[in-house]
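These notes are about the structure you will find just below.
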Amino acid sequence: MNSPTPIGGTARCLVVDDDAQVRHALAKVIEGHGLATVQASSGKEALEVLRIQGEIPLVISDVNMPEMDGISFLREALRLYPDMAVIMLTGVSEVTTAVECLKLGALDYISKPVLLDEVRARVDKALDKRQLVLDNRFHQQHLEVRVRELDRRNKQSLINGVQTLVHALEAKDAYTSGHSSRVSRYAVKTAVQLGYTGDLLEQIRLGGELHDIGKIGTREDILNKPGPLTAEEFEHIKAHSILGERILAPFLSESPMVLRIVRHHHERMDGTGFPDELRGADIPQEARIVAVVDAFDAMTTNRAYRPSRRVADAVLELQRCAGAHFDHEVVGGFLRALGDTSALSLTV
């Protein structure tokens with residue numbers, strides 16, 4: 001972002017008045033003040049000057065002119081260039097008109113007959129006001145950029161912290177070590193097969209990596225239980241999807257896909273999943289992707305309650321459950337990705 005150009009000796013002033021004598025006198029005073037001038041004899045002619053030359057920092061315009069009066073010119077000029085400093089020339093008896101001009105955006109007005117010293121003072125005042133507006137806007141925009149960058153860094157730091165927690169969680173359980181990284185990688189490869197690109201892939205990658213973050217709140221004796229879970233234990237472990245969403249929501253509000261993955265990766269196509277018992281297309285596709293690859297990785301790695309399956313057997317299970325538990329299209333995309341064994345680092 002560039003800083004606004006300071007007003008100085010190269011600044012220009014547009015003088016608009018149908019009275020050539022007044023116009024030339026004003027131009028002479030302003031040029032003696034160090035500002036190059038351009039003149040126009042009507043509001044219509046002044047607009048043409050602006051369209052040709054672009055924004056001019058300062059405009060001094062009479063109110064009463066033929067063709068287009070000063071108020072109409074003021075409206076159109078500020079519509080084109082809202083940052084111009086405009087001073088209006090009014091008769092002594094035209095106070096109401098002057099106030100209307102100020103409401104429309106003029107910075108000041110000068111009553112006729114014009115006093116040259118007053119013109120100099122009002123010009124300085126108007127240009128100072130304009131520069132202050134530009135400086136304030138620049139600093140505000142610069143501050144907003146810095147705040148956004150700081151916010152982005154803070155969010156990334158929090159995400160990094162959560163990822164560290166995920167890895168620490170997996171480190172407690174030799175059976176699930178590396179699970180989140182593999183699910184993340186499989187999910188991205190599958191999403192590519194389904195047409196995802198750009199930022200959506202990044203959200204799927206992050207969602208895959210963080211999908212089990214809610215297990216931080218799951219008791220270790222349940223996570224590592226070698227036998228079947230009781231109904232109560234299963235209800236306890238099911239809560240991890242909702243807890244995970246709650247953990248991440250405060251700093252991932254701009255990444256809703258990640259939150260949907262974390263909450264819905266255990267939903268099933270037939271509506272028997274959790275936590276919301278969503279059915280079919282009501283389940284976000286990104287969550288359907290992670291559901292497939294999560295199940296595949298769980299089947300092909302050793303767990304406390306059973307040994308790993310062969311990749312071929314896991315593939316058959318995915319195909320058998322497609323339509324009931326898993327999305328047919330997603331299973332197909334995953335199997336196409338699985339065909340690239342180098343991409344998934346697997347051997348069938």
(request) Being in a helix (DSSP H, G or I) and in contact (Cβ under 8 Å) with a residue 60 or more places away in the chain is the filter; apply it to the stretch 15-30 and report the residue that is nearest to A126 (Cα to Cα). (result) I30
(request) For the stretch 254-261, indicate whether the set of residues that are modelled with pLDDT under 95, assigned by TED's automatic domain parsing to the domain that holds R185, more than 16 Å from E209 (Cα to Cα) and not polar (S, T, N, Q) is non-empty. (result) yes
(request) From (1) more than 21 Å from R260 (Cβ to Cβ); (2) touching a residue at least 12 places away in the same chain (Cβ under 8 Å), pick out the condition that doesn't hold for R320. (result) (2)
(request) Could you look through the stretch 299-333, keep only residues that are assigned to a helix (DSSP H, G or I) and small (G, A, S), and pick out the one that is farthest from the chain's Cα centre (by Cα)? (result) A312
(request) Take the residues in the stretch 244-273 that are of a type in the set (D, E) and more than 13 Å from V290 (Cβ to Cβ), then tell me which one is nearest to the chain's Cα centre (by Cα). (result) E254
(request) Write out, first by first residue and then by second, each pair whose Cβ atoms fall under 8 Å of each other, whose residues are 6+ apart or on separate chains, and whose first residue, in the stretch 189-215, is under 23 Å from S241 (Cα atoms) and not assigned by TED's automatic domain parsing to the domain that holds F334 while the second is modelled with pLDDT of 95 or more and assigned to a helix (DSSP H, G or I). (result) none
(request) State all residues of the stretch 100-137 that are more than 36 Å from the chain's Cα centre (by Cα) and either outside any helix (DSSP H, G or I) or acidic (D, E) (or both); if no residue qualifies, say none. (result) E100, D108, Y109, I110, S111, K112, P113, V114, L115, D117, E118, D124
(message) Residues to consider are A249, A287, A295; find the one that is assigned to a helix (DSSP H, G or I), modelled with pLDDT under 95 and either in contact with a Leu (Cβ under 7 Å, 6 or more places away or on another chain) or assigned by TED's automatic domain parsing to the domain that holds A324 (or both).
(response) A249
(request) Go over the candidates R146, R153, R185 one by one and state the one that is modelled with pLDDT of 80 or more, of a type outside the set (D, E) and assigned to a helix (DSSP H, G or I). (result) R185
(message) Residues that are crowded, with 19+ Cβ neighbours inside 10 Å and at pLDDT 85 or above: does the stretch 215-230 have at least one?
(response) yes
(request) Mind checking which strands (runs of 3 or more DSSP E) fall wholly inside the stretch 31-99 and carry at least 3 residues that are assigned by TED's automatic domain parsing to the domain that holds D124 and buried (at least 20 other Cβ atoms within 10 Å of the Cβ)? (result) 58-62, 85-91
(request) All but one of (1) of a type in the set (A, V, I, L, M); (2) at pLDDT 80 or above; (3) in contact with a Ser or Thr (Cβ under 7 Å, 6 or more places away or on another chain) hold for M84, so report the exception by its number. (result) (3)
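The values are calculated or read from the model by the stated rules, or taken from the named source; none is laboratory data. Note that this is a predicted model, so its numbers are computed, not measured. Glycine also receives a Cβ, built like all others from the backbone with ideal geometry; neighbour counts cover every protein chain displayed.
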